[in-house]
Each structure stands twice: as C-alpha cells, then as structure tokens.
Amino acid sequence: MSHVETSSGAETIALGARLGRLLASGDFVALVGELGAGKTQFAKGVALGLEVAEDTPVTSPTYTILNIYQGRIPLYHFDLYRLQGAEDVENLGFDEYFSGDGACLVEWAERLEGELPPEMLTVTLSHTGPESRSVTFAGTGTRGAELVAALFPG
C-alpha cells in the first residue's frame, strides 16, 4: 500500500494521469471515497494518461452508470452510486467489461460487494482540506501489486 497527498485538483488529475499511463487491457481500478472526495478529478487524469482526447469531457456517469472513452485502449468509467449491489451490475451485464479489451475505472466499487475481481487496484480518496486530498493505493493480486510498484518505484 502507498499513500500520497495532493494539494489541488490539478495535482489529483496529474496523479490520475500517472496511473493512466500504466494501465493495460483488463486492468480494474476501484475508486473509493465519499461524495466530493476527488474521484472524478482522478478519473479525468486517468483518461489523460490513457490518451483520451483532451477536449473530451470526462464526467461522472452517475445517471448513465457507464461512460466509454476511446484512448490508446478503451476506458470504461463506471459510477455505481445509484446501484444497490452486485446483483444490479449482473442484471445490467456490466461484468463483461471487467475483463475486456479496456481498463475499468469504477467509482463506488464497494457496491460490487463480493464480486470484485481478484486482480485490481483500489484507490481511496479522502478530504484533508478544501482542495487537498489523501490518496491511498492498495494492490490486490499480482497485477494490483505491479501497478502500485510502478507508481511508486523504490
């Protein structure tokens, strides 16, 4: 597990971009944090790191549940806030994206309950001030550990 503090939205976006440059097809990133903790700002950075066009608006898909962005690989950006649990995801058929040809970035991933994949990176964001955030990275499985090690070498 690794931890970093950001002091602005721009720093949170830059941190997301660092991760985005490392992501590969099949990667699953769980974003955890209360409302307004910076999950969508972080997602904007991930999109930049995946080479999604800078003029593409990256927004939280709260009402649509899934936004797909085309970059060097597809980014499947989920927001599960409105769902009740893993069964809702199953009923909507989103699990096919979780090991597909792109990377999954899932806000409110804890709503998946016991259905989270065995290989993933969990990014937890929390407020430490009006603009500052605490960001913790925890890898699960080999790939999750590789991503943490690549983000924080040495």
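What follows is calculated from the coordinates using simple rules that are stated; it is not laboratory data. Bear in mind that the values here come from a model prediction, so they are computed numbers and not experimental data. Quick reminder, even Gly has a Cβ in these numbers, built from the backbone with ideal geometry, and neighbours come from all protein chains shown.
A few notes on this one:
- Sorting the segments 22-35, 63-76 by their residues' average number of neighbouring beta-carbon atoms within 10 angstrom, most packed first, yields 22-35, 63-76.
- Our estimate of slack between Ser132 and Thr59, defined as 0.36 nm per intervening residue step minus the Cα-Cα distance, is 24.3 nm.
- Within the chain, percent of DSSP bridges classed antiparallel, to nearest 5: 60 percent
- Anisotropy class of the range 1-83 from Cα gyration tensor, a/c 1.5 cut: rounded
- From its DSSP helices (H runs of at least four residues, each -39,500 (n - 2.57)), the chain gives a residue-normalised ellipticity at 222 nm of -8500 deg cm²/dmol.
- When the square roots of the Cα gyration tensor eigenvalues are ordered a ≥ b ≥ c, the ratio a/c for the chain is under 1.5, which makes its shape rounded.
- In order along the range 149-154, phi translates into HN-Hα couplings of 5, 6, 5, 10, x, x Hz, rounded to whole numbers, per the Karplus curve 6.51 cos²θ - 1.76 cosθ + 1.60 with θ = phi - 60° and x for Gly and Pro.
- As a rough footprinting exposure proxy, the listed residues Asp79, Asp55 were ranked by other beta carbons within 10 Å of their own, and the order from fewest upward is Asp55, Asp79.
- Estimated vicinal HN-Hα couplings, Hz - the range 131-141 in sequence order (Karplus 6.51, -1.76, 1.60; Gly, Pro = x): 10, 8, 9, 9, 10, 10, 10, 10, x, 10, x
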